[in-house]
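Remarks on the structure that follows.
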Amino acid sequence: MRLLIPLLFTTTLTHALAAPAYDPHQAEYYLREEIPLPPGEVMELGSIALMPDQKVAVTTRRGDLWICSGAYEKDLSKVTWKRFAQGLHEPLGMSFKDGTFTLTQRPEVTRIRDSDGDGLADTFETLNNSWGSSADYHEYAFGSVPDKNGDIWVALCLTGSAAAKSDWRGWCMRITPKGEIIPTCSGLRSPGGIGFNSVGDTFYTDNQGLWNGSSSLKWLKPGSFQGNPTGNKYHTLANLPAPPEPADPSRVLAERLKHPEFIPPAVVLPHGQVGHSPTGIACDMSGGKFGPWTNQLYLGEQTYSQVQRVFLEQVNGLYQGAVFLMLDAFEAGLIPIVLDQKDGTLFTGGSNRGWASRGTKPFTFERVRWTGKTPFEILTMSANSDGFTLKFTEPVDPATAGNPANYAMKAWTYILQHTYGSPEVDQATPQITKATVSPDKTSVRLTITGLVRGHVHHLDSSKITSAAGQPLWHPDAWYTLNEIPK
């Protein structure tokens, strides 16, 4: 993750912050509001947890745990804060249940309670601290909420983003409710967030860098290798089989075909087109309270101060899918994002310390609510053996949507290599030969020649309008085609 890396990559950063300006139409669909923070406090948020009675807990990068009341109120001037705990070590992941907070700190997973009822934490229990941690700024530990078994998934960043000087760095671990540690996946580089989809499978966001040509959303399938061999050596700590050692340079497709345990990125986030530093993950299981995006994922973005939307599907046993731009203009770089599934409120927070963001404030805590008006968007993009099927949020204009000349597609991949990142390589131009509009006009099947397995496929639909004559709010989609359906 690059939100705390010193500003060494000036050219890249300048390009990031020069990205297109905020769309003023956003407020028609989503209301973004800044929640007042405690006066005089540095509130660089690292995690957010929902509590009973519409209270919201947050942790800060400086080690405080605060509880906010009034974050759901129409009048946000009524917000109040109470500091619950201090002295934590950069907690990046938190949940609350039955009076107990479970936090993932840099060196451990911790349970925290208020045992005497005075409103302040007084019981701190180390659940597990079996991984290594040093003074290196980059050795973050991102923790999930409990999964269906009660396990906490912890994604461990590398040392300095390029080495593994502390035990288990570059691995994902599961911590059971009894405090046992289960080494689960290898090959991680620089996680920025971790979470689950609607069926309980685990994903994390990894940042561009060594062995990562571009940032991406990755599936943490137990036993998998995620592509970066830097931390492979720690398999000996648990007598596990050695993870793969990919060729340098190579391609993800070539290496995963050699090594079945190498799970490719589910969705690549093309660098400079879909942000620079992906972070938190939230799944929409709100039943339509945040719009029509049922079971899709929302991803935080630190550098661009955005929330992006991801549609996933499984083809031949692998996850793949499309990413779409969604929400913009947050006040700082986003790190945690949490969706209240019952209320439909999305809470976000973050910081721009060390790695600048498009949002100009040093830190932020914000909420987003759907106005009830649905934008004209591509709802889903599904792969076929001979193209893609697009579903839309409302009927399309057949004259524009049924004309294949109104779509454009290009495809590319990245070099899998030890050096930092990769340019877009192996470019291709798939040809859209037919666009068939469904009888109800809510979907279009694109027939395409020249699909490329293992490539990102960028679709430009900017010439498509709805039956009411409206353009797409976000006309671009980036689909990672790990497998072509039979």
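The values are calculated or read from the model by the stated rules, or taken from the named source; none is laboratory data. Worth saying up front: this structure is predicted, and the values here are computed from it rather than measured. Please note: Cβ atoms are built from the backbone with ideal geometry, for glycine as well, and neighbour counts cover all protein chains shown.
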Please list, ordered by first then second residue, the pairs with beta carbon atoms under 7 Å, 6 or more apart or interchain, first in region 202-228 and free of Cβ contacts under 8 Å to residues at least 40 places away in the same chain, second surrounded by fewer than 24 Cβ atoms within 10 Å (Cβ to Cβ) and assigned to a loop (DSSP other than H, G, I, E, B). G223/E261; S224/E261
Within region 430-444, is even one residue among the hydroxyl-bearing types (S, T, Y), in a strand (DSSP E or B) and surrounded by 17 or more Cβ atoms within 10 Å (Cβ to Cβ)? yes
Which condition breaks for W293 when tested against (1) more than 19 Å from the chain's Cα centre (by Cα); (2) part of a loop (DSSP other than H, G, I, E, B); (3) of a type in the set (A, V, I, L, M, F, W, C)? (1)
Complete set of residues in region 324-361 that are surrounded by 24 or more Cβ atoms within 10 Å (Cβ to Cβ), more than 21 Å from P24 (Cα to Cα) and of a type outside the set (A, V, I, L, M): P336, G349, G350, S351
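So which strands (runs of 3 or more DSSP E) are wholly in region 77-137 and hold at least 3 residues that are without any contact (Cβ under 8 Å) to a residue 40 or more places away in the chain? Full working, then the answer.
Details: elements: 80-85, 94-97, 100-104, 109-113, 123-128.
Once the strands (runs of 3 or more DSSP E) in region 77-137 are filtered for at least 3 residues that are without any contact (Cβ under 8 Å) to a residue 40 or more places away in the chain, what remains is 80-85, 109-113, 123-128.
For region 445-475, how many residues are assigned to a loop (DSSP other than H, G, I, E, B) and more than 30 Å from V252 (Cα to Cα)? Before the answer, list the steps.
Quick first cut of region 445-475, residues assigned to a loop (DSSP other than H, G, I, E, B) only: 450-454, 461-464, 467-470, 472-475.
Add one more test, that the residue is more than 30 Å from V252 (Cα to Cα), and what stays is 462-464, 467-470, 472-473.
Residues meeting the conditions: 9.
Scan region 140-191 for residues that are surrounded by 18 or more Cβ atoms within 10 Å (Cβ to Cβ), β-branched (V, I, T) and in a loop (DSSP other than H, G, I, E, B) and jot them down. Walk me through it before giving the result.
In the first step, residues of region 140-191 are kept if they are surrounded by 18 or more Cβ atoms within 10 Å (Cβ to Cβ); the result is 140-145, 151-159, 161, 164, 166, 168-175, 181, 183-191.
From what's left, β-branched (V, I, T): 145, 152, 154, 159, 175, 181, 184.
The answer is V145, and nothing else.
What number of residues within region 158-201 satisfy the criterion of being under 19 Å from D284 (Cβ atoms) and free of Cβ contacts under 8 Å to residues at least 24 places away in the same chain? Walk me through how you get there before you give the answer.
Step one: filter region 158-201 for residues under 19 Å from D284 (Cβ atoms), giving 193-201.
The next check asks that each one be free of Cβ contacts under 8 Å to residues at least 24 places away in the same chain; those that pass are 199.
The number of residues fulfilling the criteria is 1.
Which one is surrounded by the most Cβ atoms within 10 Å (Cβ to Cβ), of the residues in region 290-323 that are of a type in the set (A, V, I, L, M) and within 12 Å of I337 (Cβ to Cβ)? Before the answer, list the steps.
Residues of region 290-323 that are of a type in the set (A, V, I, L, M), as a first pass: 297, 299, 307, 310, 312, 315, 318, 322-323.
Remaining after also requiring within 12 Å of I337 (Cβ to Cβ): 297, 299, 307.
On the way: L297: 25, L299: 29, V307: 25.
Among those that are of a type in the set (A, V, I, L, M) and within 12 Å of I337 (Cβ to Cβ), it is L299.
For region 250-269, what are the residues that are in contact with a strand residue (DSSP E or B) (Cβ under 6 Å, 6 or more places away or on another chain) and farther than 18 Å from V315 by Cβ? Walk me through how you get there before you give the answer.
Looking only at region 250-269, we keep the residues that are in contact with a strand residue (DSSP E or B) (Cβ under 6 Å, 6 or more places away or on another chain), and these are 250-252, 255-256, 261-263, 265-269.
Correct list: S250, R251, E255, E261, L269.
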Among the residues of region 38-54, is any surrounded by 15 or more Cβ atoms within 10 Å (Cβ to Cβ) and either of a type in the set (K, R) or at pLDDT below 80 (or both)? no
If we ask which residues in region 393-407 are surrounded by 15 or more Cβ atoms within 10 Å (Cβ to Cβ) and either in contact with a Leu (Cβ under 6 Å, 6 or more places away or on another chain) or aliphatic (A, V, I, L, M) (or both), their number turns out to be 3
